[in-house]
Amino acid sequence: MLNIAVAVRYVPRLPFIRAALGPKYFIPYCPLEALDAIFTPGEFGPTLDAQVDFIGRATVPVAGAVKDSEAWVLAVMAKKSRRIFEFGTCTGRTTYHLARNSPADAIVTTMTLPPKGRDQYTVEAGDGKVDVDHALSESAFTRFFYSGTPVESKIKQLFADSKQFDEAPYLNSCDLIFVDGSHAYSYVKSDSKKALQMIKPGGVILWHDYHYNPKAVPGVFQALNELSMTYPMKLVSGTSLVMYRKIK
Ligand SMILES: C[S@@+](CC[C@H](N)C(=O)[O-])C[C@H]1O[C@@H](n2cnc3c(N)ncnc32)[C@H](O)[C@@H]1O
C-alpha cells in the first residue's frame, strides 16, 4: 500500500499530477527567460548581458542563504532595478548582491528582525513551528556581508517586525521586491500583501523557497498557492523562486 507520507512528498513532483490538480495546488513553471528577456540563451547559453558579481557558496554553509543559481538570478534582475526592497536580510548576502549589481543610483531597502526584536514576532493559527523556529533563529545579525563595503551607502537597513512595518511610503515605487522574511504562513501572507502594494507597474516580485513538496516549507507553499489564485504567478525553472510581474 502507498505510504501517505511518501505520497504527499513525492506525488506533487510529477508534472502530470500538478497539471491535473491545477494552480490552486501547484504554481506552474515558467522558463527563466519568461522572467526577463535578459536570460534568453545565446549561442553558448547565458549571454554576457547576464554577467554579475556575486559571492558563490556552493556547499559552504551561510545562514538562510539562497542557492548560487538563485543568487545569480536575483543579481541579474538587480542590474535593471533602481528601487529594490528585500523582506528578510539575514546575513545580507543577497542584499550585497542586489546593491553590487544594481545601477549606481539604486537604493536597496532591506528589513530584518533584530536579535533584540524577537519578542515582537507574533505567531498566528496556521503558522508551522519549524517555520517560526527558523525565522527566530535567523534573526541573529546586526552586521552584514555588505557592512564596510563600497556599496553600503546604497543600502537602507530597516530593523523591524514586518507585520508592524508601514508600507505606505513605498506604494507603487519598487522595481524589484524579494520576499524572503519569515516563512510562517501568516508572515508570508502579510509580507506578500505589502509587496503587492509596493511594486510598481512593470516591476517584479520574487518569493523564495517554494517547492513542489507541501512539507518542505509549508507556510510559503500554502500562502503562495492561495495568492496564485488571484495573481498570475510562476515558479522560475531551476529555482525555488516564484515570480509575479505587475502589469503596466
Ligand atoms: C531566510 S532569511 C533571509 C535570507 C536573505 N534574504 C538572503 O538571501 O540571504 C530570513 C530573514 O527574515 C527575517 N525575519 C524573520 N521574521 C521576521 C519578521 N517578523 N520581521 C522581519 N524580518 C523577519 C530574519 O531575521 C532573517 O533575516
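The values are calculated or read from the model by the stated rules, or taken from the named source; none is laboratory data. Source: prediction; values computed, not measured. Ideal geometry is used to build each Cβ from the backbone, glycine not excepted, and the neighbour counts take in all protein chains shown.
Points worth noting:
- Here Leu176 does not fit the description of being closer than 26 Å to Tyr244 by Cβ, near the ligand (Cβ under 9 Å from one of its atoms) and in a strand (DSSP E or B).
- Boolean, Asp133 is within 12 Å of the ligand (Cβ to nearest atom), more than 25 Å from Ile84 (Cβ to Cβ) and in contact with a Phe, Trp or Tyr (Cβ under 6 Å, 6 or more places away or on another chain): no
- Counting the residues of the stretch 145-166 that are in contact with a Leu (Cβ under 8 Å, 6 or more places away or on another chain) and near the ligand (Cβ under 8 Å from one of its atoms) gives 4.
- Residues (surrounded by 22 or more Cβ atoms within 10 Å (Cβ to Cβ) and either under 17 Å from Glu86 (Cβ atoms) or out of contact with any Asp or Glu (no Cβ under 8 Å at 6 or more places or on another chain) (or both)) located in the stretch 210-229: Tyr210, Val220, Phe221, Ala223, Leu224
- Matching option when the condition is out of contact with any Asp or Glu (no Cβ under 8 Å at 6 or more places or on another chain), more than 15 Å from the ligand (Cβ to nearest atom) and closer than 22 Å to Ser153 by Cβ, among Asp53, Asp49: Asp53
- Being more than 8 Å from the ligand (Cβ to nearest atom) and within 23 Å of Glu70 (Cα to Cα) is a property that Ser186 lacks.
- Of all residues making up the stretch 129-146, the number that are out of contact with any helix residue (DSSP H, G or I) (no Cβ under 9 Å at 6 or more places or on another chain) and either closer than 18 Å to Ala99 by Cα or basic (Lys, Arg) (or both): 2
- Subset of the stretch 97-128 (residues that are assigned to a helix (DSSP H, G or I), touching a helix residue (DSSP H, G or I) at 6+ places or on another chain (Cβ under 7 Å) and within 12 Å of the ligand (Cβ to nearest atom)): His97, Leu98, Arg118
This table checks each residue for (1) touching a Pro at 6+ places or on another chain (Cβ under 7 Å); (2) among the hydrophobic types (A, V, I, L, M, F, W, C); (3) assigned to a helix (DSSP H, G or I).
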site	(1), (2), (3)
Thr142	yes, no, no
Phe145	no, yes, no
Leu158	no, yes, no
Tyr187	no, no, yes
Leu196	no, yes, yes
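- Pairs are defined by a Cβ separation below 7 Å, a sequence spacing of at least 6 or placement on different chains, a first member in the stretch 226-243 that is modelled with pLDDT under 95, and a second member that is of a type in the set (D, E, K, R); the pairs so defined are Met229/Lys24.
- Hits in the stretch 194-225 (condition: at pLDDT below 95 and basic (Lys, Arg)): Lys215
- Residue tally, condition part of a strand (DSSP E or B) and more than 8 Å from the ligand (Cβ to nearest atom), over the stretch 72-96: 3
- So Thr142, is it exposed (fewer than 14 other Cβ atoms within 10 Å of the Cβ), more than 9 Å from the ligand (Cβ to nearest atom) and of a type in the set (Val, Ile, Thr): yes
- Glu70 passes every criterion in (1) over 21 Å from Leu158 (Cβ atoms); (2) in contact with a helix residue (DSSP H, G or I) (Cβ under 6 Å, 6 or more places away or on another chain) apart from (2).
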